[in-house]
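Below is one structure, written out as structure tokens, with a few remarks after it.
Nothing in this text is a laboratory measurement; each read-out follows from the coordinates by a stated rule. Since we're looking at a predicted model, the values are computed, not measured. Virtual Cβ from ideal backbone geometry, glycine too; neighbours counted across all protein chains shown.
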Amino acid sequence: MKWITSLFAAFFLAFAAQASAKTCELEITGNDQIQYDKSKLTVAADCDKVKLTLEHVGKLPVKQMGHNWVLAKTSDWKSIAQTGQGAGLENDYLPKDDERVIVHTDMIGGGQSTSITFDLSGLEKGGDYTFFCSFPGHWALMNGKFVIES
Ligand code: CO
């Protein structure tokens, strides 16, 4: 019987951890004019996870006007964007296996949306982070600050 009790305890603890983790939701859109609708995204200090939803409100296809949402340290993002331009759509225009990319969504076209949920535990409260679109040429126009309140 003891293993059954342990099993129940394990389930309960897993459930309790899940229940207490706070997921904060963020939304951003991209359009056919190579613009996000926000230049800053802020999450409160008590958020454990973030669910980020990107909606492409334009009409152009992904090959012509692809948008994604990539998160990196502000000190890294330009270099990632420049290196990624040659990586091709199959790699979402991101350098392969680049650990400087903290998280990124899929690359989408007009009328599509995508979301991603990620843990904030590896990120620094009050740290300097930037989000951007890695589609070639978009990063200069499509970027903003990601702020975790401290
Ligand atoms: Co884009």
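For the reader, a short list of remarks on this structure follows.
- Condition met for Asp119 (more than 16 Å from the ligand (Cβ to nearest atom), over 17 Å from Glu27 (Cβ atoms) and surrounded by 16 or more Cβ atoms within 10 Å (Cβ to Cβ)): no
- Once region 122-142 is narrowed to residues that are closer than 14 Å to Leu52 by Cβ and away from the ligand (no atom under 16 Å from the Cβ), the residue that is surrounded by the most Cβ atoms within 10 Å (Cβ to Cβ) is Tyr129.
- Criterion applied to Ala45, Ala81, Ala72, Ala87 was being hydrophobic (A, V, I, L, M, F, W, C), farther than 21 Å from Gly110 by Cβ and within 12 Å of the ligand (Cβ to nearest atom), and the one residue passing it is Ala81.
- Near pairs, Cβ below 7 angstrom, 6+ apart or cross-chain, from region 52-70 (over 24 Å from Val147 (Cβ atoms)) to any residue that is more than 12 Å from the ligand (Cβ to nearest atom) and not basic (Lys, Arg): Lys59/Gly111
- One residue alone among Val101, Val147 is farther than 20 Å from Leu60 by Cα, assigned to a strand (DSSP E or B) and of a type outside the set (Gly, Ala, Ser), and that residue is Val147.
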